[in-house]
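Trainee: Sending over a structure as structure tokens; questions will come in a sec.
Read-outs throughout are calculated quantities, based only on the coordinates presented, and are distinct from any laboratory measurement. Bear in mind the structure is a predicted one, so any value in this text is a computation, not a measurement. FYI the Cβ positions are ideal-geometry reconstructions off the backbone, even for glycines, and counts take in every protein chain you see.
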Amino acid sequence: MNIASLLVRVSGAALALALGSHVMVAQTPRFSLLIKGGHVIDARNGIDAVRDVAIAEGKIAAVAADIPATDAARIVEARGLYVTPGLIDLHAHLFWGTEPTQYSNGPSSVPPDSHSFRAGQTTLVDVGGAGWRNFPQFKAQVIDRSSTRVLAFINIVGHGMRGGPFEQDLGDMDAKLTAQRARQFHEQVVGVKVAHYEGPEWEPVTRAVEAGRQADVPMMIDFGGNEPPQSLDALLNKHMRPGDIFTHMYAHVRGRTPIVNAQGQVEPYVLAARKRGVIFDVGHGGGSFLFRQAVPATKQGFYPDVISTDLHIGSMNAGMKDILNVMSKFLNLGMSLQDVVKANTARAAEVIRRTELGHLGVGAEADVAVLGLRKGEFGFVDSGGGQMPGTQKLECELTVKGGQVMWDLNGRSRPLWSEETSR
Ligand SMILES: [Zn+2]
């Protein structure tokens, strides 16, 4: 009998004592789950050390050096593993559906639960799938049906990312109506998205910023598409506000100036934008992450604020794969594990102004990832098809959301099959 199943039995016996005329105090364990002996990385609370993490009633109940196993109904042995807050993916496409409309109720988006927990994620943020016209449908069809916490940037285009002419129609970019929907669904909407516009006008950007101002949320931009490209300097240092998010930071695509110039240097105005508080997000995707940009940029110390996937059908089976693969690229580009984890926990939560998420403080929602860091010979592929060798790779062992085990790669939270007594 292993210790977890023994504890389950003890707790069952204690409950039985509560029967009868004199109700005795049941010795139910204080904690529903105890993750023992893992190396906790919790940037918000300044923890970077071996700690036990105890969960009760869906919340973090204690984080301490040695919490007795007898206090918990279930134990997860996490020695040699890292224990982090549930990961947040700041850029994904989740408004899946059957309309031939790309990322808005269409087949290019993916169901959140199919991708989240297996990669340590408890929160995914859809960026721009829905606009003010179809946000209620997105909520009913995806947000309300997912176990993953789904948040959203609402598109400045009323129809959202329906593709083609829909996203070029300045007449459907209404700051006031977008802000109204953002306020109406303030529990889910964390920002305004502008993307895919191909024209010389600044109107889509200024209207998205205006909607963000009215709803008091940040704006995220997927910039470019016009030839010749609009000024990246003007975007980053005139139009964007501190706290607004520039995604696809390591892209080099038609119609957008890259952040690393032809001389291999990060443009000085890009450094200036970071100084004034513009947020830089990876948004890897199927076409937006090149080692030719990321290697020189990171060598010059220009790392991302947030390491997101841009998850959709065109990225999930290509160089992107999943958030842990993208985070692993940055480990191999010289970023510390602590900084990589912080980018997708405490920092991501700050960027979307949901600071109740992304940490393991007592009382916080019990969203936890248990990660292995494998050492060996690995390869990583960018969106140009180039490969970079590496020696470190993150793997998800266990994901807990709201105290529930949602993913358990090796059955660490389970009793041995021969001692499992539920049926
Ligand atoms: Zn995207």
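Trainee: If you average the C-alpha positions of region 196-231 and of region 75-140 separately, how far apart do those two centres end up, in angstrom?
Mentor: For region 196-231 versus region 75-140, the Cα centre distance is 23 Å.
Trainee: Using only the alpha-carbon atoms of region 161-233, report the extent along each of the three principal axes, biggest first, to the nearest angstrom.
Mentor: For region 161-233, the Cα spread along each principal axis is 38, 27, 17 Å.
Trainee: Still on this structure, please answer the following. Mind sorting HIS284, HIS239 by how few other Cβ atoms lie within 10 Å of their own Cβ, fewest first?
Mentor: Ascending Cβ contact count within 10 Å gives the list HIS239, HIS284.
Trainee: Kindly provide log₁₀ I(q)/I(0) values, in the same order as q = 0.08, 0.09, 0.13, 0.18 Å⁻¹, from the Debye equation applied to equal alpha-carbon scatterers of region 107-256.
Mentor: -0.21, -0.27, -0.57, -1.05
Trainee: Quick one: Debye curve from the C-alpha atoms of region 84-175, no solvent, what's log10 I(q)/I(0) at q = 0.10, 0.21, 0.24 Å⁻¹?
Mentor: -0.24, -0.92, -1.13
Trainee: Sticking with this structure for a sec: So which aspartates and glutamates pass the test for LYS375, namely a Cα distance under 14 Å, with those fewer than 8 places away in the same chain ruled out?
Mentor: Straight-distance partners of LYS375: GLU395.
Trainee: Could you work out Rg/(2.2 N^0.38 Å) for the chain, with Rg from alpha carbons only?
Mentor: Normalised Rg, Cα atoms only: 1.04.
Trainee: Set the bar at 29 Å for Cα to Cα. Now go through LYS275/LYS401; LYS193/LYS238; LYS193/LYS342 and name every pair that lies beyond it.
Mentor: Over 29 Å apart, Cα to Cα: LYS275/LYS401.
Trainee: What 222 nm value per residue comes from the helices of the chain, counting each DSSP H run with n ≥ 4 as -39,500 (n - 2.57) and dividing by all residues, nearest 500 deg cm²/dmol?
Mentor: Using -39500 (n - 2.57) per qualifying helix, the result is -6000 deg cm²/dmol.
Trainee: Let me ask something else. Excluding PRO200 itself, calculate the net charge of residues whose Cβ lies under 14 Å from the Cβ of PRO200, where each Lys or Arg counts +1 and each Asp or Glu counts -1.
Mentor: Net of charged neighbours comes to -3.
Trainee: Going by C-beta contacts inside 10 Å, put ARG374, ARG207 in order with the fewest on the left.
Mentor: ARG374, ARG207
Trainee: Could you list the GluC sites (Glu not before Pro) in region 339-369 that lie in coil according to DSSP, counting only those with at most 11 other Cβ atoms within 10 Å of their Cβ?
Mentor: For GluC sites (Glu not before Pro) across region 339-369 that sit outside H, G, I, E and B with at most 11 neighbouring Cβ atoms in 10 Å, the list reads GLU356.
Trainee: Give the distance, in whole Å, between the Cα centre of region 379-393 and the Cα centre of region 256-295.
Mentor: What the calculation gives is 19 Å, centre to centre.
Trainee: Rounded to the nearest 0.05, what FRET efficiency do ASP113 and SER422 give with R0 = 25 Å and r taken as the Cβ-Cβ distance? Could you check?
Mentor: 0.60
Trainee: Could I ask something else about it? With r as the distance between the Cβ atoms of SER147 and THR98 and R0 = 25 Å, compute the FRET efficiency 1/(1 + (r/R0)^6) and round to 0.05.
Mentor: In this case the efficiency is close to 0.70.
Trainee: Further question: To the nearest µm²/s, what D does Stokes-Einstein give for region 329-411 at 10 °C and 1.306 mPa s, using the Kirkwood radius over alpha carbon pairs as Rh?
Mentor: Calculated translational D: 109 µm²/s.
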